[in-house]
Every structure is written in structure tokens, then in C-alpha cells.
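Asks: Pasting a structure here, questions to come.
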């Protein structure tokens, strides 16, 4: 993975390239929700768009992967790249709120996400989706792989719960909206917090 110098506070630009995927992205935590997403998977693009727009992050992602083999590599590697963008943009994690949570309804669906920018990667994913459940040709099984990869590279604790839902599109979109808003709360600057929000002195 190659990195470019951080041009301003709380931004990051990264390139991740393997024999299976090539993904580049730019993130500004203090943005306005501008997005430019292209992964070759339209529904996944739609979900990632929620992250920028509802998190108020400026996010650009361009992924080229071996979709002719399977979509898993590209989805997982996008999670790794996005998590790395957040980790780099957060820097030393000083003067941040650290914790975030949000309930997001979408008609009959309801999702809850709780985030701790702890520095410790951990995922609890409690989303009762049917095995092989799809939105058009996107397999919703891949969402857990995305969130696992993201939590690993973003170095955070992530609890994601799908509390209700019937429509597959609504369920997935509610998950990403709650995820975006919880992240938005957790990364928000806290003017009263002058250092790292931890009794250990580091995150």
C-alpha cells in the first residue's frame, strides 16, 4: 500500500493494489457529503454513497477488481482501503468524541450501529439476513466481510445490529445509514477534549 502526504488535517489518500484488485480513495472527515464511488457493483456503490452523504464525509473511491471470478475480493479490499483511510485521516485521534451510536430506520427496517474508536479492531455483526439473500446480483453475505475488513484497518470496535426488516434493499441501506451517522458522531471534534480520550493516553 502506498500513501501520499496528508495535504491538510483529517484527510487521507491511499492506493491499495494486489493481483486481485486495485482500489484508490480519498477521504475528508470534515466534508459536506460529496461522493464519487465506482466499484463495478452498482448496489455496493449505492451503499458506500450512504457513508459519505450521511456521515458528511467527502469520499472518492475507485475500484477495479476480478469481478469475473467473484465479488468477494473487491468488497473486502474496499473495506480494507476505506478503513485505512479513516485510520490515516484520524491521525493521533486527539480531541475527538471517540464514541458514536445511531438508530436508522428505513420504512419497516431498523438498524443500530455503535462505534468506539478504541484502536482495537473488533466486530459484532448481528444481522439476521437469509443465507444467499441478494439485491439484484449483490450477495448481502458480503456485507459482514466488508465491515470486518473495515473494523480491522480503521482500528475500531464496531457493533452493528439489524433490529427489524423485510425488504432486502431497505435492510442493507438502513445498516449503512446507521453506520455512517455513528461514525460521524465518533470522529466529531470535541472542543473540551485537548488530548486523546483515553485513560491510557493513547488509542
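Asks: Tell me yes or no: at least one residue of segment 14-25 is surrounded by 15 or more Cβ atoms within 10 Å (Cβ to Cβ) and on the phi > 0 side of the Ramachandran plot.
Replies: Among the residues of segment 14-25, not one is surrounded by 15 or more Cβ atoms within 10 Å (Cβ to Cβ) and on the phi > 0 side of the Ramachandran plot, which makes the answer no.
Asks: Sort out which residues of segment 82-101 are in contact with a strand residue (DSSP E or B) (Cβ under 6 Å, 6 or more places away or on another chain), surrounded by fewer than 22 Cβ atoms within 10 Å (Cβ to Cβ) and modelled with pLDDT of 95 or more, and write them in order of number. Steps first, please.
Replies: If we filter segment 82-101 for residues that are in contact with a strand residue (DSSP E or B) (Cβ under 6 Å, 6 or more places away or on another chain), which is where we start, we get 84-85, 88-89, 95, 99-101.
Keeping just the survivors that are surrounded by fewer than 22 Cβ atoms within 10 Å (Cβ to Cβ) gives 88, 95, 99, 101.
Result: 88, 99, 101.
Asks: Looking at 32, 74, 94, can you tell me which residue is closer than 25 Å to residue 140 by Cβ and not in a strand (DSSP E or B)?
Replies: Details: 32 fails: closer than 25 Å to residue 140 by Cβ; 94 fails: closer than 25 Å to residue 140 by Cβ.
Answer to the selection: 74.
Asks: Considering (1) in contact (Cβ under 8 Å) with a residue 12 or more places away in the chain; (2) assigned to a loop (DSSP other than H, G, I, E, B), say which one residue 132 fails and leave the rest.
Replies: The failed condition is (1).
The values are calculated or read from the model by the stated rules, or taken from the named source; none is laboratory data. This one's a predicted model, so the numbers in the text were calculated from it and none came from an experiment. Glycine gets a Cβ as well: all are built from the backbone with ideal geometry, and neighbour counts include every protein chain shown.
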